[in-house]
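Asker: Below are the structure tokens for one structure; questions will follow.
The values are calculated or read from the model by the stated rules, or taken from the named source; none is laboratory data. Not measured: the values here are computed from a predicted model. Cβ placement follows ideal geometry from the backbone for every residue including glycine, while neighbour counts extend to all protein chains displayed. Only protein heavy atoms, including side chains, enter the accessible area calculation; ligands, DNA and RNA are left aside. Shrake-Rupley method; radii C 1.70, N 1.55, O 1.52, S 1.80 Å.
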Amino acid sequence: MRIPASAIGTTVGPREHEVDARWLMAYAAALGESAPEYFDTTRPGGILAHPLFPVCYEWPLALDVRAKALTDDVAVRGVHATHRLTVHRPPRAGDRLRTTAIVAALEPRTPGAYLVLRMETVDAAGHAVTTTEYGSLYLGVECDGTPHPNPLPSEEREPRTLSPQGRGQGEGWSWTTDVPIAPTLAHVYTECARIWNPIHTDRAVARGAGLPDIILHGTATLALAISQTLRRQPRGVATPVRAVAARFGAMVRLPSRLVVRGQAPRPSPAGAVVRFEALAEDGRPAVRDAEIVLAP
């Protein structure tokens, strides 16, 4: 199985989505949020979108690219490997958004072909809302090594890695918390996020794909970790988020629990940076090398 170099540059979209309060609230509720900023529709300025809400309107574009650029036997081997989100301004209830996607990079890796999908979302006036670099590994799949004529800079292809002091068991972590994962969370997240992938909800499909059972969405795991990180900031969930970057690792089974831990914010030219990770129940990192950039 091989992904040809011709896949690079494949474009899809635009797709239009109307963002309403119902969708924003449903996504927050799926993550177990209770802060009024996510639910009080009388709040001045309206309710907030969870920082990872953009995955909801981006998912259909990921499916479109798979259908256009990949064969079925390759597409089923894809796993979400990296995620890099830039928030130009948060999505809001009442927005009519347009999202386009392009295959921006394709590189051979030891586990398989690493493909990066760049998704750009703008509002009705054409102003940038979010940009996401969505990296997938197609396990056991080869790819042509022809370089893209306008390749992504390395810092855009993958999130930055943690410094050595963040890697030790417990070293450098300012806080740690347990997050229970209910047996129905993948079903609830699927419907509230509108991200339908049967490996997360259908045991027969999951086992047919070589998984031990249904597993939690990687974006749900990342969103839960982001929630815990924001709760520990002085402004709580109202803290503006400029960017999120992370790698995905171990599967999260249902039911189980996550251990989320993070460091104290450190200053950077882009804003305060908080490093965090989420460990699956067996202690392996489900979300690793993760950072969230907070606006002042």
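Asker: Where Rh is the Kirkwood radius over the Cα pairs of the stretch 171-296, the temperature 25 °C and the viscosity 0.890 mPa s, what D in µm²/s does Stokes-Einstein return?
Answerer: Using the Kirkwood radius from Cα pairs, D works out to 162 µm²/s.
Asker: Another question, then. Suppose the Debye formula is applied to equal point scatterers at every Cα of the stretch 18-99; what is log10 I(q)/I(0) at q = 0.14, 0.19, 0.23 Å⁻¹?
Answerer: Taking Cα atoms of the stretch 18-99 as identical point scatterers yields -0.58, -0.89, -1.12.
Asker: Any idea of the accessible area per residue across the stretch 7-136, 1.4 Å probe, to the nearest Å²?
Answerer: Result: 41 Å² of accessible area for each residue.
Asker: What percentage of the solvent-accessible surface of the chain, computed with a 1.4 Å probe over protein heavy atoms, is contributed by carbon and sulfur atoms?
Answerer: Looking at the chain in its full context, I get 54 percent from C and S.
Asker: Ignoring everything but the protein chains, give the 1.4 Å probe accessible area of Met251 in square angstrom, nearest 10.
Answerer: Accessible area of Met251: about 70 Å².
Asker: With +1 on each Lys and Arg Cβ and -1 on each Asp and Glu Cβ, how big is the dipole of the chain about its Cα centre, in debye rounded to the nearest 20?
Answerer: 440 debye
Asker: To continue, here is another question. Using helices alone, what [θ] at 222 nm do you get for the chain, with -39,500 (n - 2.57) per DSSP H run of 4 or more residues, divided over all residues and rounded to the nearest 500?
Answerer: -6000 deg cm²/dmol
Asker: Quick one, what does Rg over Rh come out to for the chain if you take C-alpha atoms and the Kirkwood Rh?
Answerer: Across the chain, the Cα-based Rg/Rh ratio is 0.94.
Asker: Take the alpha-carbon centre of the stretch 244-285, take the same for the stretch 1-43, and report the distance between them in whole Å.
Answerer: Answer, in whole Å: 20.
Asker: Just to confirm my numbers, what's the Cα centroid distance between the stretch 195-234 and the stretch 57-127 in Å?
Answerer: Computed from Cα coordinates, the inter-centre distance equals 17 Å.
Asker: Ordering Arg284, Arg261, Arg242 from largest to smallest accessible area (1.4 angstrom probe), what's the sequence?
Answerer: Arg284, Arg242, Arg261
Asker: Out of all DSSP beta bridges in the chain, what portion is antiparallel? Express it as a percent rounded to 5.
Answerer: Of those bridges, close to 95 percent are antiparallel.
Asker: Moving on. Using the crude model of +1 on Lys and Arg Cβ and -1 on Asp and Glu Cβ, and no other charge, please compute the dipole size for the stretch 169-296 relative to its Cα centre, in debye to 20.
Answerer: Once rounded to the nearest 20, the dipole reads 280 debye.
Asker: Let me ask another. Counting only GluC sites (Glu not before Pro) that are in a DSSP loop and have at most 16 other C-beta atoms within 10 Å, tell me the longest site-free stretch of the chain.
Answerer: So the longest stretch without any such site is 1-170.
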